[in-house]
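S.K.: This structure is in structure tokens; I'll ask about it shortly.
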Amino acid sequence: MKILIIGNGGREFALALRLKADNNDIFIAPGNAASNAIAKNINIQNFNELALWAKNEGIDLCVVGPENALDAGVVDIFKEQGLAIFGPSKAAAKLESSKTFMKDFLAKNNIRTAAFLNTHDYSHACEFIDEIFAKNASKVVIKADGLCAGKGVIIANNADEAKMATKDMLNGQSFGDAGKRVVIEEFLDGFELSFFAICDGENFLSLPVAQDHKKLLDGDMGPNTGGMGAYAPSMLASSDLILRVENEILRPSLEGMKRDGTPFCGVLFIGLMIVDNEPFVLEYNVRFGDPECEVLMPLIGGDFGEILLKAANGELENIKLNGRFAVGVVMASKDYPYKSSQAQIISIDNKELSVNEATSYNTNDCHICFAGVSQINGKLAANGGRVLVCVGLGDSIEKAQAKAYELAKKISFTGAQYRKDIAYQALR
Ligand code: AMP
Ligand code: GLY
């Protein structure tokens, strides 16, 4: 098949690696400086033009990486041209693009989530914040309604802090229009899991449960990031818990979306908080997680492109797993997540890496997914943000972790930083 992947990060690199393994021809729009080594980068930004290009090129399937493209309606645009595309419509993508929509949907369908208030009214918000602290809560969570690239969530330690954050959101100061409605919600104290299912509008296939590491520093300290590493499958998800998530969350979610006339086709990524063995929905995302995608792709057997095509056509079939374990360690630039950094040449084993060598260090038990990279005179450079993910594989988390860190130690660029404890919750 000819497959077009939309996006430019490590997630899309991982999708490309996996889909190429089944002998598909891969195109990535726009891709990054490393993805040309495994696919053909297509530099068309406008989705109407991209759909026309895809039609002319005879693309058999399009797979969408990032939420912004979904929120912009790329799936609707491609479908109008009669193209097969795996991802939710703009209307279904609202599960991620509006947190107030998401919370109302959860409440309407009786799906367990933190107690909350949706509002655009400051005094109403303050009353709810006071109510929460009156019940002896230690914290409260304030969320901007719209997409904020993972930054629109504030965890406040007291009512004053919470009210200040709410005020800054509502008057547009902190997140512009995205913050003009907010969700105020009860703080949940537990552990987080990332649950992924491939959906065709009606049926689903669950993928191995992953765990992300959102904090910058070891031991889950420091500021929140887009994710500093992940592993799967997580033994923190018992088979009983997985069944409960499927029956109490996933099924009612798909049924609710179908009933509302916006059936969900694509990857439903449920951000879970497990509190005393009870799964609560923190959020839905309507796409693969990054870096979760990087650890999930190498665990999927069979012809993955066929599975996604069937899902896109509403005819989902079984998925095979290969029984392996994966750990992904994110290497980020010096000033991540605070500000962008100057481009720095990437070396492996002290040798500068050229753009066409992006996959030359890959083996059966480790590989690199490139994300924030550019090129300088034909060499690959760390371009700021999350630069790459070292993925290790094995027949246990221990072995996969060892392989990931073996690889990470060989890679260097000025200012590189990474966590040394990815998968610690699975190993203690
Ligand atoms: P979200 O974008 O809603 O997933 O929030 C980002 C992160 O904030 C989550 O991954 C959690 O670590 C944290 N978070 C969000 N909501 C809550 C909550 N109700 N209780 C505790 N932590 C939360
Ligand atoms: N790793 C979390 C996300 O992609 O949103």
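The values are calculated or read from the model by the stated rules, or taken from the named source; none is laboratory data. Here the structure is a predicted model, which means the values were calculated and not measured. Because the Cβ atoms are built from the backbone with ideal geometry, glycine has one as well, and the counts that use them run over all protein chains shown. To get the accessible areas, we keep the full protein, side chains included, count just its heavy atoms, and leave off ligands, DNA and RNA. Shrake-Rupley method; radii C 1.70, N 1.55, O 1.52, S 1.80 Å.
S.K.: Please go through segment 316-357 and write out the GluC sites (Glu not before Pro) that DSSP classes as loop and that have at most 16 other C-beta atoms within 10 Å.
M.R.: Details: sites: 317, 352, 357; in loops: 317.
Sparse-neighbourhood loop GluC sites (Glu not before Pro): 317.
S.K.: Kindly sort 315, 294 by accessible area of their heavy atoms, largest first, with the probe set to 1.4 Å. Working shown, then result.
M.R.: Values: 315 100, 294 0 Å².
From most exposed to least exposed: 315, 294.
S.K.: Still on this structure, I have one more. Return the long-range amide H neighbours of residue 209 (sequence gap of 5 or more, or a different chain), with a cut-off of under 5 Å between placed amide H atoms.
M.R.: 234
S.K.: Find the relative contact order for the chain and round it to a whole percent, using C-alpha pairs within less than 8 Å whose residues are 6+ positions apart.
M.R.: 16 percent
S.K.: Over the chain, with a Gaussian network built from C-alpha contacts below 10 Å, which listed residue (402, 149, 382) shows the highest mean-square fluctuation?
M.R.: Result for the chain, Cα springs under 10 Å: 149 fluctuates most.
S.K.: Measuring from centroid to centroid over Cα atoms, what is the spacing of segment 7-32 and segment 165-195 in Å?
M.R.: First find each Cα centre; the distance between them is then 32 Å.
S.K.: If you fit an axis through the alpha-carbon atoms of helix 47-57 and take the longest principal axis of the Cα set of the chain, what angle between them do you get, 0 to 90°, nearest 10?
M.R.: That helix lies at roughly 30 degrees to the long axis.
S.K.: Something else: For segment 329-387, which trypsin sites (Lys or Arg not before Pro) are both in a DSSP coil and crowded by at most 14 other Cβ atoms within 10 Å? Could the numbers behind the result be given before it?
M.R.: Values: sites: 334, 339, 351, 379, 386; in loops: 334, 339.
Answer by residue number: 339.
S.K.: If you don't mind, another one. If you find the alpha carbon centre of segment 339-359 and of segment 226-241, how far apart are they in angstrom?
M.R.: 30 Å
S.K.: Considering amide H positions built from the backbone, and no H for Pro or chain starts, which residues 5 or more places from residue 264, or on another chain, come under 5 Å of its amide H?
M.R.: Residues meeting the criterion, in which the H sits 1.01 Å from N, are 201, 258.
S.K.: Can you list the HN-Hα couplings for segment 395-401, worked out from phi with the Karplus curve (6.51, -1.76, 1.60; θ = phi - 60°), rounded to whole Hz and with x for Gly and Pro?
M.R.: 8, 7, 5, 3, 5, 5, 5
S.K.: Given a cut-off of under 8 Å on Cα pairs at least six residues apart, what relative contact order in percent is computed for segment 204-326?
M.R.: RCO, segment 204-326: 24 percent.
S.K.: Which stretch or stretches of segment 276-317 have amide N atoms under 12 Å from the point lying 7 Å from residue 191's Cα along the Cα→Cβ direction?
M.R.: The answer is 276-277.
S.K.: A further question on this structure: Trypsin sites (Lys or Arg not before Pro) within segment 73-128: which are DSSP loop residues with at most 15 other Cβ atoms inside 10 Å? Can you show the working numbers first?
M.R.: Details: sites: 79, 90, 94, 99, 103, 108, 112; in loops: 90, 112.
When the trypsin sites (Lys or Arg not before Pro) of segment 73-128 are filtered for loop state and at most 15 Cβ neighbours within 10 Å, 112 remain.
S.K.: While we're here: What length, rounded to one decimal in nm, is gained on full extension from residue 317 through to residue 136, with 0.36 nm per residue of separation minus their alpha-carbon distance? Walk me through the intermediate numbers first.
M.R.: Working: separation 181, 0.36 × 181 = 65.16 nm, distance 4.83 nm.
Once the chain is fully extended between residue 317 and residue 136, it gains 60.3 nm.
S.K.: Now a separate question. Ignoring ligands, DNA and RNA, what percent of the accessible area of segment 243-283 is carbon or sulfur (1.4 Å)?
M.R.: Details: 780 of 1580 Å².
Ligands and nucleic acids excluded, carbon and sulfur give 49 percent.
S.K.: If you build a Gaussian network model of the chain, linking Cα atoms that sit under 10 Å apart, which residue out of 270, 368, 345 swings the most?
M.R.: So, out of 270, 368, 345, the one fluctuating most is 345.
S.K.: How far is helix 122-134 tilted, in degrees, relative to the longest principal axis of the Cα atoms in the chain, given as a value from 0 to 90 rounded to the nearest 10?
M.R.: 80 degrees
S.K.: Return the calculated 222 nm mean residue ellipticity for the chain, to the nearest 500 deg cm²/dmol, obtained by summing -39500 (n - 2.57) across DSSP H runs with n ≥ 4 and dividing by the residue count. Show your work: numbers first, answer last.
M.R.: Values: 14 runs with 121 residues, N = 428.
Value at 222 nm, helices only, nearest 500: -8000 deg cm²/dmol.
S.K.: HN-Hα J couplings of segment 189-197 from phi, Karplus 6.51/-1.76/1.60, θ = phi - 60°, integer Hz, Gly and Pro as x?
M.R.: Coupling constants for segment 189-197: 10, x, 10, 9, 9, 10, 10, 10, 9 Hz.
S.K.: For a protection proxy built on the mean count of beta-carbon atoms within 10 angstrom, sort 33-43, 389-399 highest first, please.
M.R.: Highest mean packing first, the order is 389-399, 33-43.
S.K.: Can I ask one more? Setting aside same-chain residues fewer than 8 positions from residue 403, which lysines have a Cα under 23 Å from its Cα?
M.R.: List returned: 20, 214, 215, 351, 420.
S.K.: Please work out the FRET efficiency for the pair residue 203 and residue 396, using the Cβ-Cβ distance as r and a Förster radius of 22 Å; give the result to the nearest 0.05. Intermediate values should be presented prior to the final figure.
M.R.: On the way: r = 31 Å, r/R0 = 1.43.
Between residue 203 and residue 396 the formula returns 0.10.
S.K.: Could I ask something else about it? Whole number in Å², please: accessible area per residue of the chain, 1.4 Å probe, ligands, DNA and RNA not counted. Walk me through the intermediate numbers first.
M.R.: Numbers: 17540 Å² over 428 residues.
Ligands and nucleic acids excluded, the figure is 41 Å² per residue.
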